[in-house]
Amino acid sequence: MVIRSPWWYRSSCCPIEKLACYNGLPAKLINGGIAGIVGVTCVFPIDLAKTRLQNQRPGQQVYKSMVDCLVKTVRSEGYFGMYRGAAVNLTLVTPEKAIKLAANDFFRHHLSKDGKGLTVLREMLAGCGAGMCQVVITTPMEMLKIQLQDAGRIAAQRSPGVMSSVKLVVPNPILTRSYNVAALPRPASAMQIARELLHTQGVQGLYRGLGATIMRDVPFSVVYFPLFAHLNRLGKPSLDQPPPFYWAFLSGALAGSTAAVAVNPCDVVKTRLQSLSKAGGEETYTGVVDCIRKILQKEGPSAFLKGAGCRALVIAPLFGIAQVMYFLGVGEYILENSPLSLMST
């Protein structure tokens with residue numbers, strides 16, 4: 001008879017120790033899935049504002065700020081307009097988060113020496129490996145999500161009625177606050193976009209912007225995981241006790257927002273490359289280098305910081321929630337109390 005320690009004790013293990021815990025990979029899938037679904041539901045409107053702000057060009061601004069974007073989105077597209085593309089994220093965020101967290105644990109385990117702590121360099125290498133693994137899911141997810149998120153902005157720029165209410169040659173403080181509430185054309189669904197891309201471009205169509213996604217996600221993981229590990233370690237009451245769950249949330253939020261802002265220039269490039277539809281006068285890009293060059297020439301270095309605040313507000317709670325779920329061991333608890341587990345004891 002195998003005697004297992006309680007779920008709450010095993011869930012508080014460090015990532016390396018958790019590899020030997022009960023049903024490691026299935027538990028990680030559950031933890032990552034729950035955290036991703038809860039986090040995406042909470043912060044998706046801010047992510048939508050981030051995408052639209054990043055895609056705006058000088059002289060064609062439909063939105064002045066994150067709040068302005070959300071207000072105009074609700075008034076022109078309805079409340080659920082803020083959640084365009086959320087279904088794609090909710091469907092794919094479970095494997096994405098599970099791959100990221102599980103891959104980081106896997107690489108940390110294999111880079112550790114006799115179970116001892118990792119050096120900062122090895123922690124960064126583990127994060128790099130996790131970032132490389134997750135792009136398999138992240139790229140098509142982001143590709144489809146961006147088309148849906150940006151549809152409202154493009155429709156607003158193409159619609160004379162909407163544009164006349166948000167863009168004036170002579171600024172007027174009263175008129176510029178008015179919004180056109182006419183319904184915008186209904187955008188294509190994620191399935192329609194995916195089928196069209198597969199039909200015209202094959203699988204590579206769904207992986208457009210892969211290079212830019214790697215440029216964003218690998219540095220993000222390189223910064224995030226070591227920073228989280230060190231911040232989380234500061235909350236330990238003693239060497240043999242885990243930090244409280246709220247400390248895991250704060251550590252995940254701070255590490256996530258820091259990494260998000262650090263890689264925001266790469267996120268801008270990725271968003272521009274993955275946007276298939278363009279409003280009038282918006283340039284197209286042939287690749288990462290061409291995109292960077294054109295942004296610098298036409299918009300200046302500050303354009304690479306577009307949406308940085310929104311992205312930090314999205315990532316902070318998303319990764320805070322993920323780490324709480326992960327270290328509380330919700331997945332382990334669910335698996336231990338499942339019918340199959342109870343029958344085998």
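The values are calculated or read from the model by the stated rules, or taken from the named source; none is laboratory data. None of these values were measured; they are calculated from a predicted model. Positions of Cβ are backbone-derived with ideal geometry, glycine not excepted, and every protein chain shown enters the neighbour counts. These accessible areas exclude ligands, DNA and RNA; they are computed on the full protein's heavy atoms, side chains included. Shrake-Rupley method; radii C 1.70, N 1.55, O 1.52, S 1.80 Å.
Structure values in brief
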item	result
Count of residues meeting criterion [in a loop (DSSP other than H, G, I, E, B) and open to solvent by less than 30 Å² (accessible area, probe 1.4 Å)] in region 224-249	2
Residue count for region 22-45, restricted to those that are closer than 13 Å to PHE319 by Cβ and either among the aromatic types (Phe, Trp, Tyr) or modelled with pLDDT of 80 or more (or both)	7
Test result for SER277, assigned to a helix (DSSP H, G or I) and under 30 Å from ARG57 (Cα atoms)	no
Answer residue from region 269-311, given it is open to solvent by less than 30 Å² (accessible area, probe 1.4 Å), of a type outside the set (A, V, I, L, M, F, W, C) and in contact with a Leu (Cβ under 7 Å, 6 or more places away or on another chain) and is nearest to PRO140 (Cα to Cα) among those	TYR285
Of the criteria (1) at pLDDT 85 or above; (2) part of a helix (DSSP H, G or I); (3) surrounded by fewer than 18 Cβ atoms within 10 Å (Cβ to Cβ), which one VAL88 fails	(3)
Qualifying positions in region 57-116 - of a type in the set (S, T, N, Q) and without any contact (Cβ under 8 Å) to a residue 60 or more places away in the chain	SER65, ASN89, THR91
Residue ID - farthest from the chain's Cα centre (by Cα), chosen from residues in region 54-69 that are assigned to a helix (DSSP H, G or I) and surrounded by 19 or more Cβ atoms within 10 Å (Cβ to Cβ)	CYS69
Any hit, region 318-331, residues being closer than 25 Å to GLN147 by Cα, open to solvent by less than 60 Å² (accessible area, probe 1.4 Å) and not acidic (Asp, Glu)	yes
Close pairs (6 angstrom Cβ cut-off, 6 or more residues apart or separate chains): closer than 20 Å to GLY129 by Cβ in region 199-214, open to solvent by 30 Å² or more (accessible area, probe 1.4 Å) and not in a loop (DSSP other than H, G, I, E, B) anywhere	GLY211/VAL288; ALA212/VAL288
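Here is a yes/no grid of residues against (1) free of Cβ contacts under 8 Å to residues at least 12 places away in the same chain; (2) more than 18 Å from ALA316 (Cβ to Cβ):
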| residue | (1), (2) |
| --- | --- |
| ALA188 | no, yes |
| PRO226 | no, no |
| ALA229 | no, no |
| SER238 | yes, yes |
| ALA259 | no, no |
| VAL288 | no, yes |
| LYS294 | yes, yes |
